[in-house]
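Visitor: Here it is, the structure in full.
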Amino acid sequence: MTAQACNSLAELAGHDWSRAAIGHPETWPHTLRLTLDIILNAPLPMLIMWGRQQVMLYNEAYVDLVGPAQQPAPGGRVPAMQPSAWSWNPAAIEGAWAGRALAFPGTTLRLWRQDGISEQRFDLTYTPLRDADRTVQGILCTLAPPAATSAPSATRLLRMLVVEDNLDAQYLVCEMLRAFGHEVDAVASGEAALERLRRGDIEVLFSDVSLPGISGVELARRALAAQPGLQVIFASGYGAAVTQQLEFAAEAIQKPYEIEQLQAILDRVGARIPA
């Protein structure tokens with residue numbers, strides 16, 4: 001089904017919606033029908049996440065981008081595996097659900113295609129889709145070619161160790177940091193982190209506070225005793241409160257966080273490390 005052949009409600013009705021969780025197009029709210037009509041006639045890859053059950057609709061340009069394994073446009077199912085446009089930064093998605101229009105220039109995404117995994121850069125935008133009551137019911141994502149190929153905005157590139165026992169969260173954080181251009185290793189426990197830190201090449205420890213075994217705070221305490229110049233960033237649900245009673249200097253960021261917050265902390269940390 002081409003984008004041109006699917007730009008009216010009557011033609012949408014001919015699509016097989018029997019396995020979709022979104023219902024027949026006649027039951028859709030005006031916002032969804034209008035947005036889908038726009039993206040099906042747009043040249044850029046665009047996709048919609050509709051509802052918290054995350055039904056996904058998209059255009060032919062998106063199918064061309066990710067490959068023929070994708071259900072033909074306009075889609076309409078909850079995906080078995082979240083595409084990287086949704087999964088790369090959960091905090092960004094939550095920001096869009098909260099009603100904020102967000103832009104992330106020069107973002108690197110991993111695309112899973114039949115011929116393997118490839119990394120590509122995009123200027124990503126997330127636009128909240130509201131109903132008549134101004135309640136956000138969905139999110140529109142646009143993947144545009146990057147407007148510029150400038151270097152990441154961090155003060156300097158950093159050698160970082162991420163310590164996170166939730167492997168999904170670990171993967172997403174590492175991908176985001178690598179998209180900034182940093183060198184990143186990752187482990188799932190404080191004990192494994194201490195072993196990795198013995199090599200002496202890590203400049204920044206980015207650790208969850210709640211870890212199996214020793215806590216992130218105790219990890220940082222032991223790591224700093226061995227490497228006083230190490231920079232420490234804690235990620236937790238408590239934000240800056242984590243660092244208030246510590247006897248050592250550390251940055252803290254509260255989960256879920258936005259990409260701009262993380263970038264600001266990395267800029268500060270990078271400025272403190274001798275060139």
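Visitor: So for the chain, considering every pair of alpha-carbon atoms, how many percent are separated by more than 32 Å?
Guide: That fraction is 34 percent.
Visitor: At q = 0.15, 0.19, 0.31 Å⁻¹, what log₁₀ I(q)/I(0) does the stretch 96-140 have when each alpha carbon counts as one equal point scatterer in the Debye sum?
Guide: Listed by q, the Debye log ratios stand at -0.52, -0.68, -0.98.
Visitor: Hey, another quick one. Go ahead and estimate [θ] at 222 nm for the chain from helices alone: -39,500 (n - 2.57) per DSSP H run with n ≥ 4, summed, over the residue count, rounded to 500.
Guide: Mean residue ellipticity, 222 nm, calculated: -8000 deg cm²/dmol.
Visitor: Can you pull the one-decimal nm distance between simple spin-label points at ALA101 and ALA226, each 7 Å off the Cα toward Cβ?
Guide: Result: 5.0 nm between the two label points.
Visitor: Note down the nm distance, to one decimal, between modelled labels 7 Å out along Cα→Cβ at GLN261 and at THR27.
Guide: Here the answer is 3.7 nm between the modelled labels.
Visitor: Excluding ligands and nucleic acids, what accessible area in Å² is computed for THR27 using a 1.4 Å probe, to the nearest 10?
Guide: Here the residue's solvent-accessible area equals roughly 100 Å².
Visitor: Which of SER236, LEU224, LEU205 sits farthest toward the positive end of the charge dipole of the stretch 188-275, with +1 on the Cβ of Lys and Arg and -1 on the Cβ of Asp and Glu?
Guide: LEU224
Visitor: Now, a different point. Mind checking the full-extension length gain between GLN82 and ALA271? Use 0.36 nm per residue of separation minus the Cα-Cα distance, one decimal, nm.
Guide: Extra length available between GLN82 and ALA271 comes to 64.5 nm.
Visitor: So, one more: For the chain, what's the relative contact order in percent, using C-alpha pairs closer than 8 Å and at least 6 residues apart?
Guide: 13 percent
Visitor: Also, quick follow-up: If you take the beta carbon distance between ILE38 and TRP112 as r and set R0 to 30 Å, what does 1/(1 + (r/R0)^6) give as a FRET efficiency, to the nearest 0.05?
Guide: Calculated transfer efficiency: 0.70.
The values are calculated or read from the model by the stated rules, or taken from the named source; none is laboratory data. Quick caveat: nothing in here was measured; it's all calculated off a predicted structure. Cβ atoms come from the backbone with ideal geometry, glycine included; neighbour counts cover every protein chain shown. Each accessible area value is taken on the protein alone, full model and side chains, heavy atoms only, with ligands, DNA and RNA left out. Shrake-Rupley method; radii C 1.70, N 1.55, O 1.52, S 1.80 Å.
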